[in-house]
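Working notes, beginning with the structure itself.
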């Protein structure tokens with residue numbers, strides 16, 4: 001017997017949970033001009049997240065999926081992307097979306113039941129939130145193929161969760177992208193829970209990163225609560241993708257500090273004490289401590305940032321709540337480029353019977 | 001002008017579009033060096049390169065899934081699913097993504113995708129190679145479903161499908177692939193989608209069908225003509241959206257209608273057409289609408305498949321029933 005192949009999975013972490021460097025840091029990690037915008041984006045994500053939950057609890061928003069505790073992943077990865085790249089998010093990646101230029105009011109419109117929330121004013125090439133689990137890996141692989149075929153230096157970046165790694169779409173997408181050497185980065189936000197199913201019941205593998213190996217894709221694991229580590233590995237993976245080096249899978253290990261969505265009650269299936277423990281690893285404190293040590297941060301800046309984020313979020317909520325209602329015709333008008341004649345009568349019927357209450361404002365119908 | 005069969009017409013249309021528009025790419029299993037298991041893509045990889053005629057790994061979910069990503073990023077992918085019995089893993093992507101990407105983003109992203117797949121029975125194929133999934137596809141808002149029934153319509157409709165800005169399911173009846181030849185000019189002229197084609201005029205009844213069943217339907221019209229009965233024959237061609245006015249206009253003249261399809265009966269497209277006739281054309285009818293369809297059974301293996309497929313005799317019998325009704 002002989003060994004024909006041997007594999008390993010690297011884990012990257014630069015800052016310990018208290019924000020202490022564990023060794024030499026990448027250059028950007030000593031540059032406040034690079035780090036502060038990312039800290040700001042994480043803070044804004046958390047502010048938005050808290051407000052969205054409050055809106056849902058008061059009947060002004062539909063079901064919402066919180067990203068609490070996972071902010072470093074979306075921000076660290078999206079900050080390594082270029083505007084011309086394309087993002088293929090799951091439904092829990094508003095951290096990445098905010099960095100990409102998706103507006104908070106757009107996200108609120110989406111969660112508030114309005115398709116216009118996915119008609120991003122910026123990030124015009126980014127896919128909308130993907131709810132069918134893991135399917136977006138295939139879309140991202142196809143997009144990456146298109147970029148490669150046209151000789152463009154663009155990359156497709158896809159997010160999914162630990163549960164998504166059990167889907168065939170995840171493996172199929174990775175496999176296609178690997179065969180094609182397509183410029184694809186797949187980020188697996190392993191938050192330990194797929195609704196109520198823990199990581200241990202999701203997969204018998206030692207890591208989720210190693211699932212890439214079966215597709216001939218480089219798989220790496222990173223501390224997903226360490227912004228520096230996430231940003232570093234994402235930069236490397238995207239540089240490799242643009243240079244023709246093919247896809248990368250990053251497993252970002254984190255913890256879902258909130259419920260699955262506002263429709264979930266995680267206390268039914270997990271011990272609140274464990275969740276409390278996990279708060280000592282959360283990503284904002286870690287980066288803030290690092291910034292303080294760099295001399296780039298302090299209580300005054302923190303207070304100013306809190307005020308700024310609150311104002312930004314409040315303005316977005318105001319914009320969301322004052323969004324004119326969608327028209328009845330919109331159901332039909334975007335189904336095809338041109339409405340087929342066979343649908344015209346149905347459109348007329350919908351308009352004829354459209355209730356007067358169609359004019360109600362967002363947030364008015366989420367009891 | 002050459003006489004070609006239906007599968008050669010598919011090849012001709014694909015080659016025309018690959019040459020005309022560099023955004024067009026083909027992807028699927030065995031479509032490259034092998035030219036497809038039915039030779040629909042023969043010679044295309046050699047002519048247009050492996051970057052545009054892509055032999056994919058064996059995974060239907062990802063063939064359609066990646067094609068959606070390609071389409072949204074500006075390509076015009078034409079995906080081949082080797083047999084429609086293998087389309088089912090990709091239904092998630094068709095229903096949840098291809099069909100609704102434009103709507104979900106309020107027109108920001110679109111999915112100009114064609115999925116070609118051979119369908120239907122009658123070629124003594126193995127298990128799972130003789131499916132007729134058109135009704136489940138037609139039930140999906142946002143998809144167009146097209147099935148040609150001649151080389152000329154295959155050429156013209158496939159050009160239209162590839163040029164269409166939205167997803168089109170292009171179902172190719174395998175039994176028709178080499179059934180007959182006709183002259184097809186490679187003139188780049190697309191046929192209109194969303195319309196039915198009246199293949200022969202008639203005054204006594206209307207036979208409505210699509211795909212390979214038009215072979216039997218036309219033969220039934222011949223048999224009826226021999227008895228002095230004049231049957232109009234309509235090829236639905238685009239099954240969704242349905243060109244109901246053409247069918248209604250015909251039935252308004254004939255007063256009688258027989259719908260023929262190979263797919264199973266329950267919730268088939270025959271039911272949709274019959275219901276639409278009841279809603280919009282009841283007062284033109286001189287007899288109850290009849291359906292001649294595949295049975296609500298599993299598509300049998302080859303020994304019994306011709307007992308499953310609607311026969312000329314069954315169509316003629318249904319036609320007589322409408323004529324005897326009043």
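The values are calculated or read from the model by the stated rules, or taken from the named source; none is laboratory data. Source: prediction; values computed, not measured. So basically every Cβ, Gly included, is an ideal-geometry build from the backbone, and we count neighbours across all protein chains shown.
The set of residues from the stretch A:1-23 being under 16 Å from residue A:290 (Cβ atoms), assigned to a strand (DSSP E or B) and out of contact with any helix residue (DSSP H, G or I) (no Cβ under 6 Å at 6 or more places or on another chain) comprises just one member, A:21. May I ask you to verify whether residue B:125 is more than 8 Å from chain A (Cβ to nearest Cβ), surrounded by fewer than 24 Cβ atoms within 10 Å (Cβ to Cβ) and either modelled with pLDDT under 95 or not in a loop (DSSP other than H, G, I, E, B) (or both)? Judged against the criteria, residue B:125 is a match. Among the residues of the stretch A:168-218, how many are part of a loop (DSSP other than H, G, I, E, B) and more than 14 Å from chain B (Cβ to nearest Cβ)? So the answer is 10. Based on this model, can you work out whether residue A:335 counts as within 14 Å of chain B (Cβ to nearest Cβ), surrounded by 17 or more Cβ atoms within 10 Å (Cβ to Cβ), at pLDDT 95 or above and in a loop (DSSP other than H, G, I, E, B)? Yes: the conditions hold for residue A:335. The residues on offer are B:246, B:254, B:238, and the sole one that is modelled with pLDDT of 95 or more and crowded, with 24+ Cβ neighbours inside 10 Å is B:238.
All but one of (1) within 12 Å of chain A (Cβ to nearest Cβ); (2) within 27 Å of residue B:189 (Cα to Cα); (3) surrounded by fewer than 21 Cβ atoms within 10 Å (Cβ to Cβ) hold for residue B:58; state the number of the condition that does not hold. The single condition residue B:58 does not satisfy is (2). Residue pairs whose Cβ atoms lie under 7 Å apart, separated by 6 or more positions or on different chains, with the first residue in the stretch B:224-246 and within 11 Å of chain A (Cβ to nearest Cβ) and assigned to a strand (DSSP E or B) and the second modelled with pLDDT of 95 or more and surrounded by fewer than 18 Cβ atoms within 10 Å (Cβ to Cβ), are B:238/B:195. Looking only at the stretch A:271-292, residues that are more than 21 Å from residue A:67 (Cβ to Cβ) and loosely packed, with under 12 Cβ neighbours inside 10 Å come to 2 in all. For the stretch A:231-242, the criterion of a residue being in contact with a strand residue (DSSP E or B) (Cβ under 7 Å, 6 or more places away or on another chain), at pLDDT 95 or above and closer than 22 Å to residue A:47 by Cβ is satisfied by no position.
Looking only at residues of the stretch A:128-167 that are in contact with a helix residue (DSSP H, G or I) (Cβ under 6 Å, 6 or more places away or on another chain), within 13 Å of residue B:73 (Cα to Cα) and part of a loop (DSSP other than H, G, I, E, B), we find that the one that is farthest from the other protein chains (Cβ to nearest Cβ) is A:155.
Between B:67, B:50, the distinction of being more than 7 Å from chain A (Cβ to nearest Cβ) and at pLDDT 95 or above belongs to B:50 only.
Across the stretch A:293-330, the qualifying residues are those that are more than 27 Å from the chain's Cα centre (by Cα) and in a helix (DSSP H, G or I), and the one among them that is farthest from residue A:353 (Cα to Cα) is A:293. For the stretch A:111-127, does any single residue satisfy the condition of being over 16 Å from residue B:71 (Cα atoms), more than 10 Å from every other protein chain (Cβ to nearest Cβ), touching a strand residue (DSSP E or B) at 6+ places or on another chain (Cβ under 7 Å) and part of a loop (DSSP other than H, G, I, E, B)? Scanning the stretch A:111-127 turns up no residue that is over 16 Å from residue B:71 (Cα atoms), more than 10 Å from every other protein chain (Cβ to nearest Cβ), touching a strand residue (DSSP E or B) at 6+ places or on another chain (Cβ under 7 Å) and part of a loop (DSSP other than H, G, I, E, B).
Matching residues to (1) at the interface with chain A (Cβ under 7 Å from one of its Cβ atoms); (2) crowded, with 24+ Cβ neighbours inside 10 Å; (3) touching a residue at least 12 places away in the same chain (Cβ under 8 Å):
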site	(1), (2), (3)
B:71	no, yes, yes
B:75	yes, yes, yes
B:95	no, no, yes
B:107	yes, no, no
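The set of residues from the stretch B:168-204 being exposed (fewer than 14 other Cβ atoms within 10 Å of the Cβ), touching a strand residue (DSSP E or B) at 6+ places or on another chain (Cβ under 8 Å) and either in the same structural domain as residue B:146 (by the TED database) or farther than 26 Å from residue B:253 by Cα (or both) comprises just one member, B:183. Restricting the first member to the stretch B:79-93 and to residues that are closer than 17 Å to residue B:298 by Cβ, and the second to residues that are at pLDDT 95 or above and not in a loop (DSSP other than H, G, I, E, B), the beta-carbon pairs closer than 6 Å and six or more apart or on different chains are B:83/B:118; B:84/B:117; B:84/B:119; B:86/B:60; B:87/B:117. When we screen A:98, A:61, A:87, A:108 for residues that are in contact (Cβ under 8 Å) with a residue 24 or more places away in the chain, more than 14 Å from every other protein chain (Cβ to nearest Cβ), outside any helix (DSSP H, G or I) and closer than 26 Å to residue A:255 by Cβ, the only hit is A:61.
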